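Rule-based calculations on the coordinates, nothing more; no lab input. Quick caveat, the model's predicted, so the values are computed rather than measured. Ideal geometry is used to build each Cβ from the backbone, glycine not excepted, and the neighbour counts take in all protein chains shown.
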Amino acid sequence: MVSPELLRRFVFFGGFSDEELKQLAMAGREQAASVGEVLFTEGKHAHNLYFLTEGVVELLNVGSGNQESVAISSLPAGELLGWSAVIEPYIYTATARAARPSRVIVFAGADLEKLMSDDRFASLLLKKVAQVIEQRLKDTRIQLLSLLSERTP
């Protein structure tokens, strides 16, 4: 369990009622991650949703074949990770690795599924997850355009 007050510090948790924050706090547990520690791996079943409270986590993609992992983004505290735990087919789309000593709140997908039986809670959580996905897509598009412009003579 984490403190509801810890959740209140972050914009992501704005809009949840006091009762919903208490339920989220009861469902979450804090976890430390040392530099280089992998929180989850691309292609694996998404059991947990993570919220970064301290440190920096890199998102990596492996790509096809046996290519080396490529860092696609670096996320600071206040960011959501592992949204695949609440979106079918529940498979992580990237690998998350701590770039600095970090702390996360871990929410088991099964616990969140129970909380999402409440329509208001589910709607708010999924709206916030969709906003995270939208921002990550925008960031990826900018990176892609930047790479393409470097190759254009």
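The table for this structure:
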quantity: Given (1) in contact with a Lys or Arg (Cβ under 6 Å, 6 or more places away or on another chain); (2) within 23 Å of R141 (Cα to Cα); (3) crowded, with 18+ Cβ neighbours inside 10 Å, index of the condition E79 fails; calculated: (1)
quantity: Hits in region 48-58 (condition: under 13 Å from W83 (Cβ atoms) and either of a type in the set (V, I, T) or in contact with a helix residue (DSSP H, G or I) (Cβ under 8 Å, 6 or more places away or on another chain) (or both)); calculated: N48, L49, F51
quantity: Sole exception among (1) more than 20 Å from A130 (Cβ to Cβ); (2) surrounded by fewer than 18 Cβ atoms within 10 Å (Cβ to Cβ); (3) in contact with a helix residue (DSSP H, G or I) (Cβ under 7 Å, 6 or more places away or on another chain) for E19, by number; calculated: (3)
quantity: Complete set of residues in region 116-153 that are over 20 Å from S84 (Cα atoms), among the polar types (S, T, N, Q) and part of a helix (DSSP H, G or I); calculated: Q143, S146, S149
quantity: Any pair with Cβ under 8 angstrom, 6 or more apart, that starts in region 1-20 at a residue that is farther than 18 Å from L49 by Cα and ends at one that is of a type in the set (A, V, I, L, M, F, W, C) and in a helix (DSSP H, G or I); calculated: G15/L124
quantity: Members of region 56-72 found to be surrounded by 14 or more Cβ atoms within 10 Å (Cβ to Cβ) and either free of Cβ contacts under 8 Å to residues at least 40 places away in the same chain or within 11 Å of R97 (Cα to Cα) (or both), listed by number; calculated: V56, V57, E58, L59, L60, N61, V62, S69
quantity: Pairs, first in contact (Cβ under 8 Å) with a residue 40 or more places away in the chain and within 23 Å of V35 (Cβ to Cβ) in region 85-99, second part of a loop (DSSP other than H, G, I, E, B) and small (G, A, S), C-beta under 6 Å, six or more apart; calculated: Y92/A46
